[in-house]
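Colleague: Below are the structure tokens for one structure; questions will follow.
The values are calculated or read from the model by the stated rules, or taken from the named source; none is laboratory data. Not measured: the values here are computed from a predicted model. All Cβ positions, glycine included, derive from the backbone under ideal geometry; neighbour counts span all protein chains shown.
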Amino acid sequence: MKLPSLQHLAAEAARVVRRFPLTLLCAFVLCGVGIYVIHLDNQKQQELDWLFSALSTAGLGLSSTLAVALATERWRWGPAKRWVAQAVVVALLALWYALVPAQPNLVWGIRLALLLLGMHLAVAAGPYLPELRRTADTPGFWRYNETLFLRILLAGIYSGVLFVGCALALVAIDNLFDVKLDEHLFGYLFVTLATVFNTWFFLAGVPHNFAELEQAAPYPKALKLFTQFVLLPLVVLYLVILYAYLGRILVQWELPKGWVSILILAFSVAGIFALLLIHPIRHAAENTWIRTFARWFYRALFPLLGLLAVAIGTRIRDYGITEERYFVLVLAAWLFCMAVYFLVRRGQGIIWIPASLALVAFLSAAGPWSAFAVARRSQLKQLREISAEYGLLKDGKLDGAGQRVPKLSLNARKRITSIFNFFAEREAVAQLQPLFAAELQNMPDSLRLKSTWMQQSWQTDRLFTLSGIERASWYQTKEHDELSASFQADENDFVALGAGRYWIRDVGQNQYMYSKGNLTAEMAVQEGTFRLRARQQGREVALEQLRADGSWQPLVAVQLGVMADSLARVYGRDLQSSVKLPGKKLQLQASTAGATLRLFLQNLTRKQVQDSVSYDLEAQALLELHENK
């Protein structure tokens, strides 16, 4: 076997650049952003408003630009039409970048997953969409996807082996030659191989001669062995388990468990995948086992789809539709249509599998028919029905419902708790506003800079406070289970001591805090709105006042870094345990004409990695605001 020369590798790499320039550009964007964020701590990553937008846009761009490039190539479009098609894709990616929030919630995460699934299926089906009108399959479609599938596996193997080999080489250099390597090198290596190298290697093997794919070729023996002796027996095992469970349900005449839906979907996906793998040899006389499976799989699917319909229908009737139940319901309908279609077509038209599933993914991602819109309407309807059933509404509002119906049943409270959490987790509390007279979204300004989790928690608490309905855990089983309530001071709470003096209970800063802008405390008082903010990786804590134009004016700053550096010189920079010091040694004070700030430190930590130094603190503070004379 002759190894490829460097000139050949360079020529192949250049060919990939000419053929898929935008796809490679997306891989380089992923690589660049990934390398950039590796050296950032979690807090700094949270401050990057463009991070998720850039990563998700580049991820979508990988598959979308590839799908369009391959489709227009096989359709033999001219250069002008190809670039117009790619320009449309770029415009859609720009629209996604503009619309996606900086901190995505559950809805945007699922939406991204649906679009990624649809785009990958578009790569599989896009070039052969004209074949949907044919009555018989062409060999080219199966061989095209076979090549992509094997190339993905090969690219993953090459990337994985290269990473392990290069990582071990770096470890050897570090240990054998006492060379101090940057600890981020392993991250840089992984990101580069997983994005640029993996993508480039995969693209180099993407078929370019579509006419050659239509020629007869031997079926891969390894693939046949895998399908016949590994995948098909597992599918049959699932089938036996599911039919045994179906028989038990019929004998005992009981409702199926909801978990059976996952098993049926897994069985169906594995079965269809197996059918796609054996498609070219399904009618071969020597493959009796494969031929029997291909003939009976879709017939065996119908009773299980009935079981699936009963299982998911029961949950929807009792608790309404959520995104998860929507997907189960849609996939059940899709499987039924596919089973009917392939029984009528006698197994022909396999391109309909990825093409129709891509359409389902795209339709489920946005619009009034999407999983999110349907789930919200269903849960809102559930809340209205529960409110009407138990008489919770007064003048059409839920305000004070807990006082009107103090002995609301545990089951009703569980369902209402679930619905309130549903809307809060999806940042969709505004859709419940018609059921409340009081405003639901008048969130304090100090919370708007906090983490998404804290904002969602506030919104959920707001719903329970206004309605007066007692929260119920989903795992609570008895009406008279022990009820427990605990309370703690708000982390940014303060006490007014009079004469412009304020005691701030909790001043904290560390690299894992999710607060935006290194905010450690904020308060709105008679003298104005003030905040404490850590700057220069915790080296100093600054007091700032909000101006009329919305900007923040620095008033005074306490130098933590000077104290920590001084203590580290005395006691050491790498200690096995904390050093106990008198409280007087952990006090800092700074004054200006406008204010005096005293910090009473409870914990001060200095962290150093090479030349980068950061500081963590836990403290209380006394703030004195001086009158301007």
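Colleague: Applying the selection to the stretch 554-567, what residues are of a type in the set (A, V, I, L, M) and surrounded by 16 or more Cβ atoms within 10 Å (Cβ to Cβ)?
Modeller: Answer for the stretch 554-567, where residues must be of a type in the set (A, V, I, L, M) and surrounded by 16 or more Cβ atoms within 10 Å (Cβ to Cβ): Leu555, Val556, Ala557, Val558, Leu560, Met563, Ala564, Leu567.
Colleague: If the requirement is being free of Cβ contacts under 8 Å to residues at least 12 places away in the same chain, assigned to a helix (DSSP H, G or I), assigned by TED's automatic domain parsing to the domain that holds Trp142 and not charged (D, E, K, R), which of these qualifies: Gly109, Gly118?
Modeller: Step by step, each of Gly109, Gly118 is checked, and only Gly109 is free of Cβ contacts under 8 Å to residues at least 12 places away in the same chain, assigned to a helix (DSSP H, G or I), assigned by TED's automatic domain parsing to the domain that holds Trp142 and not charged (D, E, K, R).
Colleague: Moving to a separate point now. Looking at this structure, is Tyr128 over 21 Å from Pro218 (Cβ atoms), under 30 Å from the mean Cα position of the chain (by Cα) and assigned to a helix (DSSP H, G or I)? Outline the logic, then answer.
Modeller: Working: over 21 Å from Pro218 (Cβ atoms): yes; under 30 Å from the mean Cα position of the chain (by Cα): no; assigned to a helix (DSSP H, G or I): yes.
The answer is no for Tyr128.
Colleague: Look at Asp137 and say whether it is of a type outside the set (A, V, I, L, M, F, W, C) and either loosely packed, with under 14 Cβ neighbours inside 10 Å or in contact with a Lys or Arg (Cβ under 7 Å, 6 or more places away or on another chain) (or both). Explain how you work it out, then say what you get.
Modeller: Working: of a type outside the set (A, V, I, L, M, F, W, C): yes; either loosely packed, with under 14 Cβ neighbours inside 10 Å or in contact with a Lys or Arg (Cβ under 7 Å, 6 or more places away or on another chain) (or both): no.
Judged against the criteria, Asp137 is not a match.
Colleague: Given the options Glu439, Glu385, Glu427, name the one that is in a loop (DSSP other than H, G, I, E, B) and under 30 Å from Ser364 (Cα atoms).
Modeller: So the residue among Glu439, Glu385, Glu427 that is in a loop (DSSP other than H, G, I, E, B) and under 30 Å from Ser364 (Cα atoms) is Glu427.
Colleague: Hey, another quick one. Of everything in the stretch 580-629, what is of a type in the set (Val, Ile, Thr) and more than 30 Å from His184 (Cβ to Cβ)? Give them in sequence order. Before the answer, list the steps.
Modeller: Of all residues in the stretch 580-629, those of a type in the set (Val, Ile, Thr) come to 592, 596, 605, 609, 613.
Within the stretch 580-629, Thr592, Thr596 meet the criteria.
Colleague: Among the residues that make up the stretch 582-604, is at least one of them within 23 Å of Gln43 (Cα to Cα), surrounded by fewer than 17 Cβ atoms within 10 Å (Cβ to Cβ) and outside the structural domain of Glu183 (by TED's automatic domain parsing)?
Modeller: yes
Colleague: Would you say Ser614 is among the hydroxyl-bearing types (Ser, Thr, Tyr), over 25 Å from Gly500 (Cβ atoms) and loosely packed, with under 14 Cβ neighbours inside 10 Å?
Modeller: In short, no.
Colleague: Continuing with this model, one more query. Being at pLDDT 95 or above, more than 30 Å from Ala373 (Cα to Cα) and either touching a Ser or Thr at 6+ places or on another chain (Cβ under 6 Å) or of a type outside the set (Val, Ile, Thr) (or both) is the requirement here; does Thr65 meet it?
Modeller: Answer is no for this residue.
Colleague: Any residue that is over 30 Å from Ala311 (Cα atoms) and surrounded by 15 or more Cβ atoms within 10 Å (Cβ to Cβ) - is there at least one of those in the stretch 228-239? Write out each step before concluding.
Modeller: Residues of the stretch 228-239 that are over 30 Å from Ala311 (Cα atoms), as a first pass: 228-229.
Among the residues that remain, those that are also surrounded by 15 or more Cβ atoms within 10 Å (Cβ to Cβ) are: 228.
Yes; the residues of the stretch 228-239 include at least one that is over 30 Å from Ala311 (Cα atoms) and surrounded by 15 or more Cβ atoms within 10 Å (Cβ to Cβ).
Colleague: Answer with yes or no whether Phe28 is buried (at least 20 other Cβ atoms within 10 Å of the Cβ) and not small (Gly, Ala, Ser).
Modeller: Details: buried (at least 20 other Cβ atoms within 10 Å of the Cβ): no; not small (Gly, Ala, Ser): yes.
So Phe28 fails the test.
Colleague: Restricting attention to the stretch 48-106, which residues are in contact (Cβ under 8 Å) with a residue 60 or more places away in the chain and over 25 Å from Ala428 (Cα atoms)? Before you say what the answer is, go through the steps one by one.
Modeller: Initial filter on the stretch 48-106 (in contact (Cβ under 8 Å) with a residue 60 or more places away in the chain): 62-63, 66, 70, 73-74, 86, 89-90, 103, 105-106.
If the condition is that a residue be in contact (Cβ under 8 Å) with a residue 60 or more places away in the chain and over 25 Å from Ala428 (Cα atoms), then Leu62, Ser63, Leu66, Leu70, Glu73, Arg74, Gln86, Val89, Val90 are the ones that fit.
Colleague: Pick from Thr314, Thr288: which is among the polar types (S, T, N, Q) and without any contact (Cβ under 8 Å) to a residue 12 or more places away in the chain?
Modeller: Details: Thr314 fails: without any contact (Cβ under 8 Å) to a residue 12 or more places away in the chain.
Step by step, each of Thr314, Thr288 is checked, and only Thr288 is among the polar types (S, T, N, Q) and without any contact (Cβ under 8 Å) to a residue 12 or more places away in the chain.
Colleague: Could you tell me whether Leu150 is part of a helix (DSSP H, G or I), surrounded by 14 or more Cβ atoms within 10 Å (Cβ to Cβ) and not β-branched (Val, Ile, Thr)? Full working, then the answer.
Modeller: On the way: part of a helix (DSSP H, G or I): yes; surrounded by 14 or more Cβ atoms within 10 Å (Cβ to Cβ): yes; not β-branched (Val, Ile, Thr): yes.
Yes.
Colleague: Output the residue which, of all residues in the stretch 270-285 that are without any contact (Cβ under 8 Å) to a residue 40 or more places away in the chain and closer than 21 Å to Ala339 by Cβ, is surrounded by the fewest Cβ atoms within 10 Å (Cβ to Cβ).
Modeller: Among those residues, the one meeting the criterion is His283.
Colleague: On to the next question. Which condition does Phe20 not pass, out of (1) exposed (fewer than 14 other Cβ atoms within 10 Å of the Cβ); (2) within 21 Å of Leu129 (Cα to Cα), if it passes all the others?
Modeller: Single failed check for Phe20: (1).
Colleague: Within the set of pairs 6+ apart or on separate chains, which have a first residue in the stretch 138-160 that is acidic (Asp, Glu), a second that is in a helix (DSSP H, G or I), and C-beta atoms under 8 Å apart?
Modeller: Glu146/Leu223
Colleague: Can you name the condition, by its number, that Phe422 falls short on among (1) assigned to a loop (DSSP other than H, G, I, E, B); (2) surrounded by 14 or more Cβ atoms within 10 Å (Cβ to Cβ); (3) at pLDDT 90 or above?
Modeller: With respect to (1) assigned to a loop (DSSP other than H, G, I, E, B); (2) surrounded by 14 or more Cβ atoms within 10 Å (Cβ to Cβ); (3) at pLDDT 90 or above, Phe422 is out only on (1).
Colleague: May I ask you to verify whether Thr65 is in contact with a Cys (Cβ under 8 Å, 6 or more places away or on another chain) and of a type in the set (Val, Ile, Thr)?
Modeller: yes
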